[in-house]
Amino acid sequence: MQSTDRPETRLATRLAFLVAGFALACWAPLVPFAKDRLAVDDGVLGMLLLCLGLGSVAAMLATGMLSARYGSKPIMIAGGLGLALILPMLTVASTPFTLGIALAAFGACLGSLDVAMNIHAVEVEKGTDRPLMSGFHALFSIGGFIGSLVVTLLLSVRAGPLVATLLCSVLMIVAMVVAWPRLLRTVQSEDTPLFVMPRGFVLLLAALAAITFLVEGAILDWSALLLTTQGRVDASHGGLGYMLFAIAMTAGRLAGDAITAKVGDRAIMLWGGVIAVAGFVVLLISPISILAMSGFLLIGLGASNIVPVLFRKGGAQKVMPAGLAVAAITMTGYAGVLVGPAGVGFAADHLGLPGAFWMLALLLCVAPLCAGIVARNRDQEEGEADAHRSYRSMDA
């Protein structure tokens, strides 16, 4: 494997994160067009959107296995180019069945790219003397902003969904072609297992990822309703909460690597979790709307660098192969995004929406409580290495 500490390798990794966020955001403005074109109701549309998530989860599991044997580069290239090729198909699918197949394929490309780029990011960060993971994840958020902006602008000038997606696909292809020769060519051992059941420390990281992603998904789907039903803002401004959260999340990740280098992973987990939980308290108890809205800023800032720490620790642990660990963390986190909003709705039926958000705050308390465990010392890592060797001998 060539040296990981190269500017061009870091650029290629950032481009992969950018493409993933860009592609996902390109699809979001097309949903109303798809509904009108197919003349389906909300129930059928919900089932179609589920195809994207199912495709992603299935591909995430497969990507962990393939990356363990063949490395992340070919999967990143295939996933990124696949997104570019399938995106225009989402605008011309003429039946619910064909759109469902296209969305499942689109989700599979997105899921495989998501896992592979995080595995690649772990390898790139290992070869440097400073944290990089937060900055990589910030590029996903920036890609999402750029993607939604480009598609919205193209649609506003009546370019049409097909023309808009074709132009976006060209941009993604260019980005992946630029990244292609600069990505790491990793050579995996032939005796690397294709699957290892997550256990111990990896399960903890996966659970923390699920909680953090759950919170993000809940704020995306429920923050506007929380603000409007409590009379904080009118319906036309309901999206302000998530906008503030997303801005704070992106800003926190752009600054996260420098902060992590100074204070360490334990402080990021501890104080990031505390700040995020404090944001929920401010949001839910503040009598002044402007002050309550600042709670979204605190949640975004506090939670912004928790997931990058989890991926970094997943790549550093010795309980199981790093690629399979990163795949498990990614898949569990994505499951939190899928299941979380529905869980919040169930809790809101019984406790009210503010009560459901209090439950999110309690769940997020797990992050600072586990900060010391996540930021393990060298002795613990050596113990995990012994456990890994014992586990491999049992497999043999």
Residue that is farthest from residue 15 (Cα to Cα) [pool: residues in region 151-169 that are assigned to a helix (DSSP H, G or I) and open to solvent by 40 Å² or more (accessible area, probe 1.4 Å)]: 156
field: Single match in 24, 38, 15 (criterion: in contact (Cβ under 8 Å) with a residue 60 or more places away in the chain and open to solvent by 60 Å² or more (accessible area, probe 1.4 Å))
entry: 24
task: Mind listing whichever residues of region 111-126 are in contact (Cβ under 8 Å) with a residue 60 or more places away in the chain and open to solvent by 10 Å² or more (accessible area, probe 1.4 Å)?
output: 114, 119, 123, 125, 126
- request: Could you grab me the full set of residues in region 76-101 that are open to solvent by 50 Å² or more (accessible area, probe 1.4 Å), part of a helix (DSSP H, G or I) and under 20 Å from residue 167 (Cα atoms)?
  value: 78, 85, 89
query: Does residue 339 satisfy the criteria of being modelled with pLDDT of 90 or more, among the hydrophobic types (A, V, I, L, M, F, W, C) and open to solvent by 40 Å² or more (accessible area, probe 1.4 Å)?
result: no
- request: For residue 143, indicate whether it is open to solvent by less than 40 Å² (accessible area, probe 1.4 Å), part of a helix (DSSP H, G or I) and in contact with a Cys (Cβ under 9 Å, 6 or more places away or on another chain).
  value: no
query: Of the residues in region 69-94, how many are out of contact with any Leu (no Cβ under 7 Å at 6 or more places or on another chain) and at pLDDT 90 or above?
result: 10
task: Name every residue in region 267-317 that is farther than 30 Å from residue 126 by Cα, open to solvent by 30 Å² or more (accessible area, probe 1.4 Å), in a helix (DSSP H, G or I) and β-branched (Val, Ile, Thr), in order of residue number.
output: 281, 282, 285, 290
task: Those residues that are touching a residue at least 24 places away in the same chain (Cβ under 8 Å), among the β-branched types (Val, Ile, Thr) and over 20 Å from residue 254 (Cα atoms), I need them from region 279-334; list them, please.
output: 281, 319, 326, 329, 330, 332
- prompt: residue 129 passes all but one of (1) closer than 21 Å to residue 166 by Cα; (2) surrounded by fewer than 24 Cβ atoms within 10 Å (Cβ to Cβ); which number fails?
  reply: (1)
message: Can you find a residue that is within 22 Å of residue 280 (Cα to Cα), among the polar types (S, T, N, Q) and open to solvent by 30 Å² or more (accessible area, probe 1.4 Å) anywhere in region 210-229?
response: yes
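The values are calculated or read from the model by the stated rules, or taken from the named source; none is laboratory data. Please read these numbers as outputs of a predicted model, since none were measured by experiment. We place every Cβ from the backbone using ideal geometry, glycine too, and count neighbours over all the protein chains shown. Accessible surface areas use protein heavy atoms only, side chains included; no ligands, DNA or RNA. Shrake-Rupley method; radii C 1.70, N 1.55, O 1.52, S 1.80 Å.
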